[in-house]
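Quick note: the coordinates plus some simple rules give every number you see, no bench work behind them. What you see is a predicted model, and the numbers here were worked out from it, not measured in a lab. Cβ coordinates were reconstructed from backbone atoms using ideal geometry, including for glycine residues, and neighbour counts include every protein chain displayed.
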Amino acid sequence: MATNRTFTMIKPDAVEAGNIGGIINMITEGGFKIVSMKLTQLTVRDAQKFYEVHSERPFYGELVEFMSRGPIVAAILEKENAVEDFRKLIGATNPAEAAEGTIRKKYAKSIGENAVHGSDSDENAAIESAFHFSGREQF
Ligand code: CMP
């Protein structure tokens, strides 16, 4: 996996609110190329596994329930400096702290239901991408 890639999910809150198109538009306007993309739904077990790193956090149960309650859009994105630049584009985890012009400022409802996910490192981008996409689905 090249290090100029990151992984994202448009979360159930944003899909439910009809914001898939608006968010994809901000992503492509931000200079990211879509390498893989699908509408899918995490099972409870998928969500538990994907967020295993947070399993000791008090919000883990809520997070698993939220992330598995409806469809998500999973995608791999490519751009120079993808992980860092994408985290800038999505903004702070808590939308109340997200900068103007960021995806979470525009679309996130709360710290838990925050519209989008972005990988926090090249290593996690590769792990998270492989969780959702086979090599044949990466273009
Ligand atoms: P993300 O950064 O994509 O991955 C971890 C997720 O946990 C985060 O988005 C939020 O959806 C959720 N999260 C982080 N902090 C809290 C919190 N204090 N309360 C509820 N959910 C949280």
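Miscellaneous remarks
- Subset of the range 84-139 [within 14 Å of the ligand (Cβ to nearest atom), among the basic types (K, R) and in contact with a helix residue (DSSP H, G or I) (Cβ under 7 Å, 6 or more places away or on another chain)]: R104, K109
- In the set V44, V64, V35, V53, only one residue is within 20 Å of K88 (Cα to Cα) and not aromatic (F, W, Y); that residue is V35.
- Lone qualifier among I72, I103, I24, I76 - being surrounded by 15 or more Cβ atoms within 10 Å (Cβ to Cβ), touching a residue at least 40 places away in the same chain (Cβ under 8 Å), at negative phi and out of contact with any strand residue (DSSP E or B) (no Cβ under 7 Å at 6 or more places or on another chain): I24
- No other residue among V64, V83 is farther than 16 Å from R104 by Cβ, part of a helix (DSSP H, G or I) and in contact (Cβ under 8 Å) with a residue 60 or more places away in the chain apart from V83.
- Residues within the range 27-51 that are of a type in the set (G, A, S), surrounded by 15 or more Cβ atoms within 10 Å (Cβ to Cβ) and more than 15 Å from the ligand (Cβ to nearest atom), tallied: 2
- Among the conditions (1) without any contact (Cβ under 8 Å) to a residue 12 or more places away in the chain; (2) closer than 22 Å to F131 by Cβ; (3) away from the ligand (no atom under 11 Å from the Cβ); (4) part of a loop (DSSP other than H, G, I, E, B), R57 misses just one, which is (3).
- Output for the range 123-139, where each listed residue is surrounded by 17 or more Cβ atoms within 10 Å (Cβ to Cβ) and part of a helix (DSSP H, G or I): A125, A126, E128, S129, H132
- Any chance T28 is of a type in the set (S, T, N, Q) and assigned to a helix (DSSP H, G or I): yes
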